[in-house]
1. Taking the stretch 96-113, which residues are among the small types (Gly, Ala, Ser) and over 24 Å from residue 278 (Cβ atoms)?
2. Given the condition surrounded by 16 or more Cβ atoms within 10 Å (Cβ to Cβ) and of a type in the set (Lys, Arg), answer yes or no: does some residue in the stretch 49-71 qualify?
3. Being within 14 Å of the ligand (Cβ to nearest atom) and either outside the structural domain of residue 262 (by TED's automatic domain parsing) or among the polar types (S, T, N, Q) (or both) is the filter here; which residues of the stretch 298-352 pass it?
4. In the stretch 94-106, which residues are within 9 Å of residue 477 (Cβ to Cβ) and more than 13 Å from the ligand (Cβ to nearest atom)?
5. Restricting to the stretch 101-132, what's the tally of residues that are assigned by TED's automatic domain parsing to the domain that holds residue 328 and of a type in the set (D, E, K, R)?
6. Could you pull out the residue among 308, 270, 292, 322 that is closer than 30 Å to residue 419 by Cα, more than 18 Å from the chain's Cα centre (by Cα) and modelled with pLDDT of 95 or more?
7. Looking at the stretch 116-227, what strands (runs of 3 or more DSSP E) fall wholly within it and have at least 2 residues that are surrounded by fewer than 21 Cβ atoms within 10 Å (Cβ to Cβ) and modelled with pLDDT under 95?
8. From the list 408, 412, which residue is among the acidic types (Asp, Glu) and either assigned to a helix (DSSP H, G or I) or surrounded by fewer than 16 Cβ atoms within 10 Å (Cβ to Cβ) (or both)?
Amino acid sequence: DLSRVYSKDLLPTAGGESLTCKFFQELVNILMDYIFKSNERSSKILDFHHPHQLKEGLEGFSLDLPDHPEPLEQILVDCRDTLKYGVKTGHPRFFNQLSSGLDLVGLAGQWLTSTANTNMFTYEVSPVFLLMEEVLLKKMQSIVGWCEEEGDGIFCPGGAVSNLYSLLVARYDFYPEVKTKGMCALPRLALFTSEHVSSRLPIHHAAPLPLGWVLCCFRGKMISRELDSSIVEAKAKGLVPFYVNATAGTTVYGAFDPLTAIADVCDRHKLWLHVDAAWGGGLLMSRRHQGKLQGIERASSVTWNPHKLMGAPLQCSAILIKKRGLLQECNQLCAEYLFQSDKHYDISYDTGDKTIQCGRHVDVFKLWLMWKAKGSEGFGSQVNKCLENAEYLFKQLQRRADFKLVFESKPEHSNVCFWYLPPSLRGLPPGPDTNRRLHEVAPQIKAKMMEEGTTLIGYQPLGSNVNFFRCVFSNPATQHEDVDFLLEEIARLGSN
Ligand code: ABU
């Protein structure tokens, strides 16, 4: 009975062992129940409530913070309710986000990391995790195609921050004086990215610099000759191009920019090539699909998020920098309360001085543990399965008259984009009026879907395409029956 037990009764209070055990056993039961439900197709993905309803408190679940301590029994109820009103992103019918699934070894790793509760800034407090980070970074760099002598990097809090690191390092590489004299000492720099990156926030936020949006083909891939002419045009305006962001796997269409052709342009103009492979990097694990990133080995930096296609629990994002030493030179501040130069061990492992954050969460252990449990081959099969699911969905959509594909060609990544055509819109001639009505279909279906909680998929407009659904596969638990269910559910919700 934990109704009269409080947090003060747990360890480190003397004699608190058995209550601590009891508390955690109860917590594990709650987590196991959640894990089982996440894997049951008949369970709801979400029990949706509007913000005001959750704020008002539901069935005793209150977000208010008390002045007096509450008993552990209530704390466990709070844990259960928090999961109850959340979203089961590990459910096989959750298609809403690029990161989904619930890898149990990864979860075990996450739990261990939280138990260790340490900081990645110095070797003295994270000896094992820092060596694991080194092993992972080297492995990822060799998969990218860099040689033994090349490669540096760190794990960062998300793809946007990884991209920001690449920009800072690239700018420092060209203009090291930025560190001592600031941006005023630099010419007017310009960087380039595909117009489709507008659906990927990172470069937007990371770049308070003139940004060249490079035209893409209809499929969302950057056109390398347009990149070349944008660079020439920027130079003619007195700007100094220095950085190109190519995307391997855009957020919405899953498009791969032509990396080899873009690398040629960068070589010609002597620019830094960054490849944002946050979403597409996972394909490097698959022999069948890795060719889609051909040319990535020529990048000066790469963002790769194992928390997306590889299914590592959030968050787990790496920035890989080809030239060694730059990260440290660019970011180090030598704070002597952490990074003393006269320590008795190899201080190159005090990686906190490579970062702008200083303190870092341990994001590496779960990935290291998953890699041990699956091997590189296991990740390859997992990625193949996600892309097979995408192909299966594509084929189902091709056969149905109540859906329309955004692209008639086979998906390159696990993104499949499509419209649902309700009976009233079928057979109508294309035009602004049809488009206006079609634009309203996806949000209406999504609203009903959230209320019912049976499945979840995202939608958005892009360019001249009015609101369409984007289905993405990154959860290895998803089977063909879930894909069939998704289509039937959209049709059911859309036709009444
Ligand atoms: N980092 C952007 C992810 C967006 C998405 O999950 O759809």
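The values are calculated or read from the model by the stated rules, or taken from the named source; none is laboratory data. The shown structure was predicted, so the numbers you read here are calculated from the model rather than taken from an experiment. Cβ coordinates were reconstructed from backbone atoms using ideal geometry, including for glycine residues, and neighbour counts include every protein chain displayed.
1. So the first thing to find is which residues in the stretch 96-113 are among the small types (Gly, Ala, Ser), and the list is 99-101, 106, 108-109.
The one that is among the small types (Gly, Ala, Ser) and over 24 Å from residue 278 (Cβ atoms): 108.
2. No: the stretch 49-71 contains no residue that is surrounded by 16 or more Cβ atoms within 10 Å (Cβ to Cβ) and of a type in the set (Lys, Arg).
3. Listed by number, the residues that qualify are 303, 305, 315, 317.
4. Hit for the stretch 94-106 is 102, nothing else.
5. 1
6. Selected residue: 292, the only one of 308, 270, 292, 322 that is closer than 30 Å to residue 419 by Cα, more than 18 Å from the chain's Cα centre (by Cα) and modelled with pLDDT of 95 or more.
7. Strands (runs of 3 or more DSSP E) meeting the threshold: 211-214.
8. Numbers: 412 fails: either assigned to a helix (DSSP H, G or I) or surrounded by fewer than 16 Cβ atoms within 10 Å (Cβ to Cβ) (or both).
Exactly one residue qualifies, and that residue is 408.
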